[in-house]
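All remarks here apply to the structure that follows.
The values are calculated or read from the model by the stated rules, or taken from the named source; none is laboratory data. Treat the numbers as computed from the prediction; the structure is a model and nothing was measured. Using ideal geometry, Cβ is built from the backbone for each residue, glycine included, and neighbour counts are taken over all protein chains shown.
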Ligand SMILES: [Fe+3]
C-alpha cells in the first residue's frame with residue numbers, strides 16, 4: 001500500500017528507542033493517581049516487529065467540515081463558543097526533523113472557564129452551551145496542521161490541597177507505526193502555573209517541559225479575530241533500512 | 001566538541017487524564033453531534049474474513065480495583081496475518097478490516113469489550129512466525145506514558161510455546177500475564193498494573 005496522497009515508498013525501519021528519562025517516569029508520587037497506576041517491574045525491551053512497525057492510517061475523508069473548529073463544532077448554528085479565540089498550528093515531525101504527513105491528531109480541552117463537558121467534572125465554573133471540547137485534524141504534506149478554538153481556562157483538581165492545572169490542550173497523535181502512539185499536553189507560553197503543576201513536574205528535564213509549551217505567534221494571528229500559538233510535535237523517528245539485514249519474507 | 005547528531009527529541013508524554021473520553025470517545029461520554037460515531041468503536045462488518053471473537057478486558061490498579069476511566073486501543077493483523085498499514089509490504093490485508101479498535105472501560109464495571117476477529121500469525125524479524133496476538137495500548141488518569149503490551153490466546157498453546165517475544169520473558173511465571181483465557185467465543189484478559197500479577201509491559 002503506498003502512502004496516501006504520495007508515491008513515496010513507505011518507511012519500514014525500526015523506531016529509535018524511546019528515551020524513558022526524557023518522558024515522565026511511570027511513578028511520580030506528587031501526582032497521586034500515578035502511585036497505584038504505575039507499573040513497578042522492568043519493561044520488556046525488544047527491537048520492533050511488524051506489530052509495532054505497522055499502524056492504522058486514517059484518510060482525510062473521515063473528517064467533517066468543522067472537526068478542526070472547536071468554536072463552532074458543538075455550537076448552535078449562528079452561535080459560537082465563549083472565550084479568547086485562538087488558532088493552534090504547527091507541524092508533526094519525526095526525530096530526524098522530517099514532517100510527517102497523514103497523521104491523525106485529536107485534541108480535547110476545558111472551556112474558557114476551565115470546565116470540561118464531562119459528568120465527572122464538578123468544578124464550579126459554568127459549562128458553555130456552545131462548547132463541546134473536542135476536535136481533530138490530519139496533517140498535510142509537510143506535516144503541518146491547524147485548528148481553531150478558545151483558550152482553555154486553568155482549573156483546580158483534587159491532588160494536593162490546592163493544585164491547579166495550567167491552561168492546556170490534550171493531544172492524541174497517531175504516527176505510521178503503533179509504537180509511535182503518543183498522548184501529550186500543550187501548555188501556553190508565559191503561564192506561571194506550568195512550573196507549579198505536579199503532572200508537568202513528572203518531567204525532570206526542563207528542556208523537555210519547554211518542548212510542550214506553545215509559543216505566541218503574532219505572525220499567524222488574524223487581526224481583530226484570533227491570536228495564534230505554534231506547537232510542534234515530535235514523534236519517534238525510524239532507523240534507515242539501508243543496511244538492515246532482512247531475511248526473505250520479512 | 002564533536003559534531004551534533006542533529007536529532008530532535010520525541011515530545012514528552014503526558015497523562016491522558018480523567019477526561020480522555022471527551023477527545024477520543026465523545027459520543028460515549030454524551031458529547032453528541034460532533035462526530036457521527038466514535039472512531040474505532042466498530043471493527044468488523046459482514047464482509048470481514050475470520051473467526052468472530054470478543055475480547056473482555058479489564059485493567060486493575062495496585063489496590064486491585066478495576067480502572068473505570070481508562071481507554072484501550074488494540075492493533076492486530078487480519079485473519080491471514082497481514083496488517084492493514086502502509087508499512088505492510090508482504091501483501092494486501094483484508095479491505096474490510098482495519099485491525100484497529102478503541103474502547104473506553106465501562107464507567108460502572110471497568111470492563112472493556114471489543115468485537116473483532118482472531119488474527120493470523122505474523123513473522124518475527126527473522127522470519128519465524130509469532131503466535132497470534134493483539135497489541136494493546138492503555139492510557140488513563142495516573143498513567144504518565146501509554147502502556148504497551150500484547151494479548152495472546154489460551155487455545156494457541158503450541159504457537160505460544162514457540163513465540164519469540166514470549167520466549168524473551170525471563171521470569172517464566174510472568175508469561176501467563178499475557179495470555180487471555182478463552183470462555184466460549186470470549187477471551188478474558190485482566191491487565192494488572194502492579195503487584196504479584198503485574199502484566200509484562202513492553203518497551204519496543
Ligand atoms: Fe485536562
Residue by residue through region B:2-28, note down the ones that are surrounded by fewer than 24 Cβ atoms within 10 Å (Cβ to Cβ), within 16 Å of the ligand (Cβ to nearest atom) and more than 19 Å from the chain's Cα centre (by Cα).
B:18, B:19
Inspect all residues belonging to region A:190-200 and state whether any of them is in contact (Cβ under 8 Å) with a residue 40 or more places away in the chain and in a strand (DSSP E or B).
no
Number of positions in region A:105-124 that are under 25 Å from residue B:108 (Cα atoms) and away from the ligand (no atom under 13 Å from the Cβ)
3
Check residue A:71 against each of (1) at the interface with chain B (Cβ under 10 Å from one of its Cβ atoms); (2) surrounded by 14 or more Cβ atoms within 10 Å (Cβ to Cβ); (3) in a loop (DSSP other than H, G, I, E, B) and name the one condition it does not meet.
(1)
Would region B:84-94 turn up any residue that is within 14 Å of the chain's Cα centre (by Cα) and either at pLDDT below 95 or not in a loop (DSSP other than H, G, I, E, B) (or both)?
no
One residue from B:150, B:141 being in a strand (DSSP E or B) and touching a helix residue (DSSP H, G or I) at 6+ places or on another chain (Cβ under 8 Å)
B:150
May I ask you to verify whether residue B:31 is in a loop (DSSP other than H, G, I, E, B), within 16 Å of the ligand (Cβ to nearest atom), crowded, with 20+ Cβ neighbours inside 10 Å and facing chain A (nearest Cβ under 9 Å)?
yes
Before we move on, is residue B:23 free of Cβ contacts under 8 Å to residues at least 24 places away in the same chain and out of contact with any helix residue (DSSP H, G or I) (no Cβ under 7 Å at 6 or more places or on another chain)?
yes
Give region A:201-221 a look and list any residue that's touching a helix residue (DSSP H, G or I) at 6+ places or on another chain (Cβ under 9 Å) and in a helix (DSSP H, G or I), or say none.
A:201, A:202, A:209
Given the conditions (1) more than 16 Å from the ligand (Cβ to nearest atom); (2) at the interface with chain A (Cβ under 7 Å from one of its Cβ atoms), and given that residue B:49 satisfies all but one, which numbered condition is not satisfied?
(2)
Residue under question is residue A:131, and the condition is that it be more than 14 Å from the ligand (Cβ to nearest atom), crowded, with 18+ Cβ neighbours inside 10 Å and part of a loop (DSSP other than H, G, I, E, B); does it hold?
yes
Can you give me the number of residues within region A:201-216 that are facing chain B (nearest Cβ under 9 Å), free of Cβ contacts under 8 Å to residues at least 40 places away in the same chain and either over 24 Å from residue A:150 (Cβ atoms) or away from the ligand (no atom under 15 Å from the Cβ) (or both)?
3
Would you mind telling me which numbered condition in (1) within 14 Å of another protein chain (Cβ to nearest Cβ); (2) in contact (Cβ under 8 Å) with a residue 24 or more places away in the chain; (3) assigned to a loop (DSSP other than H, G, I, E, B); (4) away from the ligand (no atom under 12 Å from the Cβ) residue A:145 fails?
(3)
Has region B:44-56 got at least one residue that is at pLDDT below 95 and farther than 27 Å from residue A:232 by Cα?
no
Before we move on, is residue A:60 farther than 29 Å from residue B:149 by Cα and touching a residue at least 60 places away in the same chain (Cβ under 8 Å)?
yes
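Yes/no per residue for (1) surrounded by fewer than 23 Cβ atoms within 10 Å (Cβ to Cβ); (2) within 16 Å of the ligand (Cβ to nearest atom); (3) not in a loop (DSSP other than H, G, I, E, B):
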residue	(1), (2), (3)
A:149	no, yes, yes
A:159	yes, yes, no
A:164	yes, yes, yes
A:171	no, yes, yes
A:176	no, no, no
A:183	no, yes, yes
Output the qualifying pairs, or none if there are none: Cβ atoms under 9 angstrom, residues six or more apart or on different chains, first residue in region B:145-159 and buried (at least 17 other Cβ atoms within 10 Å of the Cβ), second residue modelled with pLDDT under 95.
B:148/B:204
For region B:102-115, give me each residue that is in contact (Cβ under 8 Å) with a residue 60 or more places away in the chain and either more than 12 Å from the chain's Cα centre (by Cα) or surrounded by fewer than 23 Cβ atoms within 10 Å (Cβ to Cβ) (or both).
B:102, B:104, B:115
Over 15 Å from the mean Cα position of the chain (by Cα) and either at the interface with chain B (Cβ under 9 Å from one of its Cβ atoms) or surrounded by fewer than 20 Cβ atoms within 10 Å (Cβ to Cβ) (or both): is that true of residue A:198 in this structure?
yes
Filter result for the condition that a residue is more than 8 Å from chain B (Cβ to nearest Cβ), under 17 Å from the mean Cα position of the chain (by Cα), within 16 Å of the ligand (Cβ to nearest atom) and outside any helix (DSSP H, G or I), over A:88, A:92:
A:88
